[in-house]
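What follows is a set of notes on a single structure, which appears directly below.
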Amino acid sequence: YVKFYNSATVTVGTTAVALTIPVPAGGVVNVPFGTTGMRFGTGICLSTTTGAADNDTGAVAAGEVKVVTSFI
């Protein structure tokens, strides 16, 4: 799971999650945010975890997930 936070710093498992994106094993996920995007007023942080729950702290092994993002 890729989790986005509206925060300048994150403690995974504690900081409130703004958006969780499930990523299937061996899969690719493209999330179109449309023309208006998604607003993060405080900051943009992200994490990857092995579980969907906001309080999940399961570590993903190095090299298992690639994330490409952009912002305006």
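Quick check: residue separation of residue 44 and residue 9 times 0.36 nm, minus the Cα distance between them. What number comes out in nm?
Working: separation 35, 0.36 × 35 = 12.60 nm, distance 0.86 nm.
So the chain would gain 11.7 nm between residue 44 and residue 9.
5 Å is the cut-off here: which amide hydrogens, built 1.01 Å from N in the peptide plane, fall below it relative to residue 45, excluding neighbours closer than 5 in sequence?
HN-HN under 5 Å from residue 45: 5, 7.
Probe of 1.4 angstrom, ligands and nucleic acids ignored: what's the accessible area per residue over segment 1-65, in square angstrom? Let's see the in-between values first.
On the way: 4300 Å² over 65 residues.
I get 66 Å² per residue for this part.
Expressed as a whole percentage, what fraction of the accessible surface of the chain belongs to carbon and sulfur atoms when a 1.4 Å probe is rolled over the protein heavy atoms?
So the carbon and sulfur contribution to the accessible surface is 54 percent.
So I have (i) 31, 27, 18; (ii) 35, 26, 23; (iii) 38, 29, 22, and one of them is Cα extents along the principal axes in Å calculated from this model. Which one is it?
Label of the calculated value: (i).
Considering Cα pairs under 8 angstrom that are at least six residues apart, work out the relative contact order of the chain and quote it in whole percent. Write out the running numbers ahead of the final one.
Working: 93 pairs, mean separation 28.3, N = 72.
Relative contact order, the chain: 39 percent.
With a 10 Å radius around each residue's Cβ, average the other Cβ atoms per peptide and rank 51-63, 20-32, highest first. Write down the numbers at each step before the final one.
Details: 51-63: 11.2, 20-32: 9.1.
Highest to lowest by the protection proxy: 51-63, 20-32.
The values are calculated or read from the model by the stated rules, or taken from the named source; none is laboratory data. Nothing here was measured: the structure is a model prediction, and the numbers come from that model. Cβ atoms come from the backbone with ideal geometry, glycine included; neighbour counts cover every protein chain shown. Note: accessible area is taken over every heavy atom of the protein model, side chains too, but ligands, DNA and RNA are not part of it. Shrake-Rupley method; radii C 1.70, N 1.55, O 1.52, S 1.80 Å.
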